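See below for the structure under consideration.
The values are calculated or read from the model by the stated rules, or taken from the named source; none is laboratory data. What you see is a predicted model, and the numbers here were worked out from it, not measured in a lab. We place every Cβ from the backbone using ideal geometry, glycine too, and count neighbours over all the protein chains shown. Side chains are part of the model used for accessible areas, which takes the heavy atoms of the whole protein and leaves out ligands, DNA and RNA. Shrake-Rupley method; radii C 1.70, N 1.55, O 1.52, S 1.80 Å.
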Amino acid sequence: MAIAQRVFVNTPNAFYELNGGAGNCSNILLTNECAATYGNSTFSMAVYKDTIYYLSGGVLRSFQIGMPGTCKTYLNVGNYTSMTVDPNGILYFASNVLVRYDPYLNQLTNLGAMPFSSAGDLVFFNGKMLMAGIPAAIYEVNIANPGASTLYMNTDGIGFFGLVSFPVICGNSRYFGLAPSGGSTVMYELDLLNKTVIGNTCSMPGLNIYDAGSTTESGVNAGITISSLQVTQPCPPVLTGSVSIQGFLAGFTTTYTLDNTIVNSTGIFSNVPTGPHTIRLEAGTCITDTVINIAAGLNPVINIQKTDPDNCDGNNGTVTLSASTGHLPITYTQVASGMQQQNGTFGNLQPGTWQFNVKDAAGCSKDTFVTLVLQPAAFVQRADFDDARCGNNTGFIKLVMAGGDTTGVQTSLAGAAFLPKVSYYNLAPGVYNIKAKRGAFCFYDTTILISNITDPKPSLSTQVQPQVCFVNNGSISITATAPAASFQYQLNGGAFSSNNSFANLAPGNYLAGIRNQYGCFWDTTLVVLPYTKAPVFTTVAAANPDCSEPSGGTIRASVTGVENPYRIAVNGNFYANGQLISGLTEGMYNIKVLNRGDCVVDSSTAILSIQYEARCNNVFIPSAFTPNGDGRNDFFRPVYSSFIRDMRFQVYNRYGQRVYLGNGYGVQWDGTFKGVKQAAGSYIYFITYADYFGVPKTMKGSFLMIR
């Protein structure tokens with residue numbers, strides 16, 4: 001530990017140890033273990049324990065003082081005029097920026113620019129980083145935010161290249177600034193606490209000092225160091241503890257005094273009562289006091305509150321332990337699971353005996369046991385059921401859960417496998433055992449009798465409408481009535497539905513079925529009567545059309561009967577009884593007789609045809625026509641009877657150009673050609689056709705068009 005109180009300075013090409021004590025410039029040359037060739041441009045240095053770090057030519061190196069072969073080269077960090085080290089061995093460099101270097105991780109970090117530049121050195125004081133800067137003064141460096149660094153104290157215009165802390169026994173370090181003076185260096189003492197320059201203490205002729213360092217530049221001052229302190233606290237019922245303390249100051253023997261009464265050189269004190277105590281350490285002229293406290297440990301009385309599990313899984317029990325001690329925190333451990341916590345409440349516990357360990361920060365512990373008993377609440381509120389009806393499988397059983405919660409419930413009916421359901425339907429009469437379970441601890445078992453109940457036949461109200469007019473339009477309506485019952489209906493074995501009316505029925509016997517919501521069935525027979533027709537007598541007189549008047553046929557139907565008034569329908573057209581129906585062409589006519597209810601009560605057929613006459617085989621051609629749009633003689637057309645077939649009619653103008661061609665019945669020319677009116681004058685017609693006997697005929701002639 002001789003290194004602990006040493007101070008060093010450097011010139012550009014050498015290192016010196018100041019060996020005359022605080023404020024003395026006496027010095028000796030120090031061997032650079034990295035060789036002189038590595039020290040010709042040394043700008044700055046720092047000391048950490050027994051190691052000197054320095055920058056030479058921008059390269060960071062180190063060596064252990066007095067230990068050959070310990071030179072280390074790190075990296076080229078650049079030239080910086082200031083350098084220091086913190087209590088953890090982390091290096092800092094400064095120029096107009098602040099840089100940090102971690103030698104353990106070989107990590108260099110630029111922390112940022114400062115509002116002023118370094119003149120020569122960095123040092124720690126009372127937890128602050130101080131820097132000799134430009135303009136000449138000492139500045140407080142903000143490590144977290146270098147841009148926010150500020151002036152710490154004025155130096156009366158003196159610019160320092162080095163800042164050094166001289167270790168003084170018992171921790172009272174003294175601080176000095178090294179200022180260049182004509183190739184020499186002057187040492188000034190600084191009162192950093194009161195921020196003043198005390199004055200010149202000595203000079204180093206011929207030594208141009210660039211930087212300085214000491215084992216206390218990190219802010220750690222020499223004094224008695226407490227290397228260990230162990231307090232054994234009492235665990236009730238024991239009420240006294242013990243203390244073991246070790247202090248160190250190089251070159252001196254340490255003595256220990258407990259409460260100004262008990263003195264020894266071992267630092268071990270037994271049977272120390274509870275309460276605060278002072279231990280004084282003395283080494284040479286240094287004195288260090290420390291205070292300890294002996295407090296009673298864990299109280300053996302552990303307060304216990306518990307809640308027994310009451311759910312079907314048996315996992316919602318809780319235990320809350322509460323202990324007291326003079327040494328917090330208290331750790332509560334569930335021994336079975338090893339779960340440790342500083343909260344004494346343990347949840348989600350099942351029935352059984354649980355072991356817990358309670359331990360305080362002094363190591364006092366106690367085991368305790370808590371027994372939880374399962375107390376599940378009933379989970380089935382009741383079993384609802386209904387009997388079977390009329391021999392059908394219509395019974396049911398339903399378990400109603402407390403609170404309506406069916407989560408996790410499984411049931412078994414009549415020894416079958418457990419299923420996640422609570423209701424069973426379509427049950428036949430019989431005795432049923434039903435079981436239910438939820439979780440690991442809730443069970444339910446009951447037996448239910450499903451009886452067979454025969455419902456009485458309901459009161460039936462029916463309405464039957466007979467057939468009308470010989471069509472399938474009869475209807476049946478059925479209404480069943482019984483207390484607390486609903487019904488469905490069917491007809492002749494059809495599907496059941498809630499519809500109780502059936503329409504569009506043919507005459508005949510019908511079996512109507514009725515069933516209630518329980519499947520009980522009844523039936524009744526109903527008859528749809530056919531329509532009854534009264535006697536009716538119909539006479540039909542018919543006259544045929546002829547070839548000269550193809551639509552000159554007539555029919556007269558006369559009806560007598562008791563369901564007057566009657567009317568006549570001929571091919572879908574209606575006429576009064578006995579009315580002459582004229583304008584008929586040849587063909588078949590269906591005659592229907594409708595009574596006063598519009599029912600068809602009789603029907604017949606009349607066939608009209610044109611009888612052959614010689615004149616019906618002729619074709620008449622007019623000699624002229626006048627297409628002037630007056631509605632008279634506006635078309636030129638042949639006139640012929642229906643006996644004439646395959647008519648082909650052509651018209652030519654006087655230039656031999658065909659201006660019209662028509663085929664079939666009803667051919668005629670309107671006096672135009674391709675939509676253009678033709679001039680008045682003479683035109684030629686040419687006609688071919690087949691007569692009544694199928695003989696081909698040809699006609700040719702001329703006619704006039706008059707406009």
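Numbers for the structure displayed
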quantity: Under 18 Å from residue 72, Cα to Cα: lysines that are on another chain or at least 8 residues apart; calculated: 49
quantity: Modelled FRET efficiency - R0 41 Å, residue 646 with residue 533, Cβ distances, 0.05 increments; calculated: 0.25
quantity: Under 27 Å from residue 700, Cα to Cα: lysines that are on another chain or at least 8 residues apart; calculated: 674, 677
quantity: Value of Rg/Rh across region 54-198 [Cα atoms, Kirkwood radius]; calculated: 0.97
quantity: Relative contact order, percent, the chain [alpha-carbon distance under 8 Å, six or more residues apart]; calculated: 5
quantity: Point-to-point label distance, residue 382-residue 287, nm (Cα→Cβ direction, 7 Å offset); calculated: 9.0
quantity: Heavy-atom accessible area per residue - region 354-443, 1.4 Å, Å²; calculated: 51
quantity: Calculated over the chain: convex hull of Cα atoms, volume per residue (Å³); calculated: 546
quantity: Average accessible surface area per residue within region 618-707, 1.4 Å rolling probe, Å²; calculated: 59
quantity: Amide N of region 465-484 lying under 14 Å from the label point, which is placed 7 angstrom from the Cα of residue 603 along Cα→Cβ; calculated: 469-472
quantity: Listed residues 471, 680, 666: farthest to the positive end of the dipole of the chain (Cβ charges); calculated: 680
quantity: Chain lengthening between residue 318 and residue 201 when straightened (0.36 nm per residue, less Cα-Cα); calculated: 34.6 nm
quantity: Karplus-derived 3J(HN,Hα), 6.51/-1.76/1.60, for each residue of region 56-66, Hz, glycine and proline x; calculated: 10, x, x, 9, 8, 9, 8, 7, 8, 4, x
quantity: Inter-label distance for residue 77 and residue 335, nm, one decimal - labels placed 7 Å from Cα along Cα-to-Cβ; calculated: 5.7
quantity: Charge dipole (debye, nearest 20) of the chain; +1 at Cβ of Lys and Arg, -1 at Cβ of Asp and Glu; calculated: 3740
quantity: Part-to-part distance (alpha-carbon centres) for region 593-672 and region 504-535, which is given in Å; calculated: 59
quantity: Farthest positive-ward along the chain dipole, Cα basis, beta-carbon charges - from 28, 285, 652; calculated: 652
quantity: Convex hull volume per residue in cubic angstrom - Cα atoms of region 328-378; calculated: 73
quantity: Charge tally in the Cβ shell below 12 Å around residue 592, where Lys, Arg are +1 and Asp, Glu are -1, residue 592 excluded; calculated: -1
quantity: Förster radius 45 Å - calculated FRET efficiency between residue 576 and residue 498, Cβ distance, rounded to 0.05; calculated: 0.40
quantity: Proximal aspartates and glutamates relative to residue 421, as straight alpha-carbon distance under 16 Å, when same-chain residues fewer than 8 apart are discounted; calculated: 384, 405, 445
quantity: Per-selection Kirkwood Rh - region 251-403 (Cα, Å, 1 d.p.); calculated: 21.1
quantity: Per residue accessible area of region 246-351, 1.4 Å probe, in Å²; calculated: 53
quantity: Ranked by how many other beta carbons lie within 10 Å on average, peptides 492-499, 288-295 from highest; calculated: 288-295, 492-499
quantity: Within the accessible area of the chain (1.4 Å probe), percent carbon and sulfur; calculated: 51
quantity: Förster radius 22 Å - calculated FRET efficiency between residue 260 and residue 49, Cβ distance, rounded to 0.05; calculated: 0.05
quantity: Residue 225 long-range amide H proximity, modeled H, under 5 Å; calculated: 248, 249
quantity: Region 482-633: proportion of alpha-carbon pairs further apart than 20 angstrom, %; calculated: 69
